[in-house]
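Asks: Take a look at this one; I'll ask things after.
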Amino acid sequence: MINLWNLVILRPMLNGLLALASILPQEVEFGLAIIVLTIVVRVASTPLVLRQLKSTKAMQEMQPKIQELQKKYGKNKQKIQQEMMKVYKEAGVNPIGCMWPMLVQFPIWIALYQSIMKALATTPENLLGLAEHLYSSERIAQAIPVNSHFLWLDLGQPDRTLVLAILVGGTMWVQQKMTTAPSADPRQQSTSSTMLLMMPLMFGMFTMMFPSGLPLFWLVSNLIGISTQYFVTGGWGYLKRPAASSSTHSVPRKRK
Amino acid sequence: MSYDDMLYLGATDGKIRAVNPEARSEGLPFPSSDGEWSFAITMPSKSFLSCGDSSAPAIIYSTPVVVDGRVCVGIHDGKVMMLAPSARIDELHFPHRKSGEWTYPDGDDVIGAVVGNPVAVGDAIFVCSSDGAVYALDASSGDEKWRYELSVEKLWTTPVVQGEAIYVSTFDGHIYALSVDDGSLLPWSFDAEVGFASSPLLYGDTILVGSFDNNLYAVRIGDEKPLWRFQGGNWFWALPVVSDGVVYAVCLDGKVYALDAETGKAKWGEPFDAGSPIAASPVAVDDSLVVAAESGDVYVIDMQTGVGARIENPEGDEKPSIDGTTVLASFCAQDGIVYIRAQNNCLYPIDVAERERKARISLD
């Protein structure tokens with residue numbers, strides 16, 4: 001299984017990253033290669049992302065109906081479930097439909113993460129491990145070892161300036177805020193508010209612990225995610241909406 | 001490193017160990033009173049989550065070198081240290097200057113990571129650092145004699161000294177020659193199109209070095225073009241062995257090649273196939289070459305014919321020679337016994353003549 005993963009996913013991505021680095025300006029080769037490959041992977045997975053966004057949007061549109069059902073049937077959870085399924089069926093929405101495009105993307109992100117970490121080869125063991133994954137190519141050989149300096153960052157070391165941590169946490173918060181629908185239920189609202197803060201804080205902390213090549217990938221990924229949501233789902237979404245009210249479940253209008 | 005019947009080992013757990021093979025063969029607890037000691041090097045913790053004066057074990061990749069009875073080692077965390085066995089046996093505060101111990105740089109200061117081995121010549125110690133500089137230190141005091149900035153990333157190699165010159169191979173594909181006296185750059189350097197994966201090895205006036213394009217280069221000092229290049233199936237990561245005009249080179253493609261040192265032509269009909277990557281430098285004992293593969297299998301190869309025999313595991317034929325653990329560290333040969341330290345922190349003595357694994361010595 002590991003061999004198959006390496007052969008089909010990891011090696012092509014790792015060698016692609018190195019080949020890309022070898023043709024980019026040497027001063028910024030690896031930082032730029034991470035950015036370019038992240039964009040390429042995000043663009044390639046656009047159909048999946050659009051499908052996921054479409055499903056999420058459809059689910060959000062149905063929230064008022066769902067809440068009506070919850071009010072109507074009170075504590076009869078079985079009935080609520082049955083009625084919800086009916087509503088989903090009528091609207092032609094699969095409630096787990098917004099999940100599977102995300103799941104399909106996971107291996108790609110994991111491979112990208114592994115590729116970045118392997119290519120950076122911050123220790124002798126890592127560099128040694130890199131050898132077994134490389135294609136026999138002059139171009140790839142020329143890229144090794146990669147230049148880990150990019151802007152103010154040493155991509156092989158954690159960024160201690162806090163700048164990258166703030167950027168990663170900030171963009172993650174914006175991306176989540178754009179899609180997190182405020183809830184009229186105070187308990188639910190409290191949970192989602194906590195989640196909204198926890199994830200960016202966690203990733204901000206990870207940024208200060210991991211070699212900054214990885215947070216750079218998160219940052220670019222977040223920025224592309226924000227752009228996609230802005231242009232596909234219409235404007236800033238829930239980022240600009242007021243606090244929870246009875247009308248919060250309406251769909252954000254598309255920006256003109 | 002073997003010196004005066006003792007083995008000196010550095011490890012990634014931050015410990016330097018002085019091992020007496022005789023005491024180990026008697027099964028005494030480590031460290032015994034027979035000159036053995038273990039010293040744990042710690043460094044201030046760099047993690048942003050740590051608070052106060054917390055420390056973490058240092059990481060040691062380099063092989064220690066013995067200088068006037070003292071042990072010098074490079075630390076990945078950016079230090080070069082000199083330890084005196086007498087002070088370590090008595091567990092005195094480190095560095096015990098009266099015993100000749102020192103650290104470079106002093107106190108909490110650090111240089112870039114030291115991965116390659118320190119090299120001792122005369123009263124000087126030469127070491128390469130990941131900050132891109134080559135350092136010459138006074139072996140007695142640890143004072144800096146000179147420092148030359150090569151401006152390359154990851155200078156992880158071990159320099160080699162011949163006469164008045166010190167030669168350094170770099171990951172960006174250069175071999176530089178520096179003056180031993182003052183570190184100034186000498187007129188000759190060699191440039192390749194790809195980086196060098198290994199440290200240089202000097203054989204006469206020829207430098208042997210492995211590159212990231214899977215070649216083993218032989219470069220005659222003073223020449224602009226290589227004397228020869230030999231293409232393997234992967235990187236030549238480890239230092240080769242040269243004996244009687246033949247280069248014995250191990251490769252990450254799992255093969256052992258015997259090459260004519262003058263022409264680079266293969267000497268054996270077929271290279272010896274160890275079946276998995278070989279990252280540790282081999283060692284020659286009499287007419288035999290001892291090689292350990294990543295799989296944990298150890299082979300003793302006839303240097304004339306290229307025919308090899310696998311060392312059997314006393315616990316069962318089907319098991320790899322040394323319990324299936326990776327071998328990255330260089331070997332140590334003493335009185336016909338080759339000591340192999342594996343990543344499981346065990347030492348395996350191999351009797352070359354008997355083609356037999358003698359024991360499994362735990363260093364924990």
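Asks: Stokes-Einstein D for the protein assembly as shown at 20 °C, 1.002 mPa s, Kirkwood Rh over Cα pairs, in µm²/s?
Replies: Estimated via Stokes-Einstein, D reaches 77 µm²/s.
Asks: Report, in whole Å, the centroid distance computed from the Cα atoms of region A:1-75 and region B:135-198.
Replies: 45
Asks: Defining a contact as two alpha carbons under 8 Å apart and six or more residues distant in sequence, what relative contact order in percent does chain A show?
Replies: The normalised contact order for chain A reaches 27 percent.
Asks: Please sort A:41-48, A:145-152 by packing, taking for each peptide the average over its residues of neighbouring beta carbons within 10 angstrom, highest first.
Replies: Listed from highest to lowest mean packing, they are A:145-152, A:41-48.
Asks: If chain A were replaced by its equivalent ellipsoid, with semi-axes equal to the square roots of 5 times the Cα gyration tensor eigenvalues, what would those be, largest first, whole Å?
Replies: Those come to 41, 20, 16 Å.
Asks: Please give the average number of partner chain Cβ atoms lying within 10 Å of the Cβ of each residue in B:210-223, rounded to a whole number.
Replies: Averaged over the peptide's residues, the number is 2.
Asks: Compute the angle between helix A:163-179 and the longest alpha-carbon principal axis of chain A, please, reported from 0 to 90 degrees and rounded to the nearest 10.
Replies: So the helix axis and the longest Cα principal axis differ by about 30 degrees.
Asks: When ranked by the protection proxy of mean other Cβ atoms within 10 Å per residue, highest first, what sequence do the peptides B:220-230, B:340-350 form?
Replies: By packing density, highest mean first, the sequence is B:340-350, B:220-230.
Asks: Summarise the partner chain shielding of A:121-134 as one whole number: the mean count of Cβ atoms from other chains within 10 Å of each residue's Cβ.
Replies: Average neighbour count from other chains, rounded to a whole number: 5.
Asks: Still on this model: I want to check the label-to-label distance for B:Gln334 and A:Ser193. Put each point 7 Å from Cα in the C-beta direction and report it in nm to one decimal.
Replies: It is 6.8 nm.
Asks: Also, I was wondering about something else. In the Gaussian network model of chain A, springs joining C-alpha atoms below 10 Å, which of A:Thr194, A:Thr122, A:Thr56 carries the largest mean-square fluctuation?
Replies: Fluctuation is largest for A:Thr194.
Asks: If you don't mind, another one. Given the options B:Gly254, B:Gly232, B:Gly336, which has the most mean-square fluctuation in a GNM of chain B, springs set between C-alpha atoms less than 10 angstrom apart?
Replies: Among B:Gly254, B:Gly232, B:Gly336, the largest GNM mean-square fluctuation belongs to B:Gly336.
Asks: Lys and Arg at +1, Asp and Glu at -1: add these up for the other residues within a Cβ distance under 11 Å of B:Lys79 and post the number.
Replies: -4
Asks: Using a 10 Å cut-off around each Cβ of peptide B:193-199, what is the average number of partner chain Cβ atoms that fall inside?
Replies: Counting Cβ atoms of other protein chains within 10 Å of each residue's Cβ and averaging gives 3.
Asks: Taking only Cα atoms and a 10 Å spring cutoff, compute GNM fluctuations for chain A and point out the largest among A:Leu167, A:Leu155, A:Leu103.
Replies: Residue with maximal mean-square fluctuation among A:Leu167, A:Leu155, A:Leu103: A:Leu103.
Asks: Then there's this: Return the Cα extents of region B:1-114 along principal axes one, two and three, sorted largest first, each rounded to a whole Å.
Replies: Taking the Cα atoms of region B:1-114, the three principal extents are 46, 27, 23 Å.
Asks: Pull up the cross-link candidates among the aspartates and glutamates for B:Lys265, meaning alpha carbon to alpha carbon under 16 Å and not fewer than 8 places away within one chain.
Replies: B:Asp244
Asks: From the cross-link list B:Lys225/B:Lys267; B:Lys79/B:Lys145; B:Lys15/B:Lys154; A:Lys54/A:Lys177; B:Lys79/B:Lys154, which pairs have alpha carbons spaced over 19 Å apart?
Replies: Correct reply: B:Lys225/B:Lys267; B:Lys15/B:Lys154.
Asks: To the nearest 10 degrees, how steeply does helix A:29-44 sit against the main Cα axis of chain A, on a 0 to 90 scale?
Replies: 40
Asks: Over chain B, calculate the relative contact order: mean separation of alpha carbon pairs under 8 Å at least 6 apart, over the residue count, as a percent.
Replies: 7
Asks: Can you tell me which lysines have their Cα less than 20 Å from the Cα of A:Lys72? Leave out same-chain residues fewer than eight positions away.
Replies: Hits, sequence-local ones excluded: A:Lys86, A:Lys89.
Asks: Also, I was wondering about something else. Cα axis of helix A:186-209 to longest principal axis of chain A: angle in degrees, 0 to 90, nearest 10?
Replies: It is inclined by approximately 0 degrees.
Asks: With a cut-off of 8 Å between alpha carbons and a minimum separation of six or more residues, what is the relative contact order of region B:1-114 in percent?
Replies: Across region B:1-114, relative contact order equals 21 percent.
No value in this document is a laboratory result; all are computed from the given coordinates. On a predicted model such as this, the values are computed, not experimentally measured, just so you know. In this analysis, Cβ positions are derived from the backbone assuming ideal geometry, glycine residues included, and neighbour counts consider all displayed protein chains.
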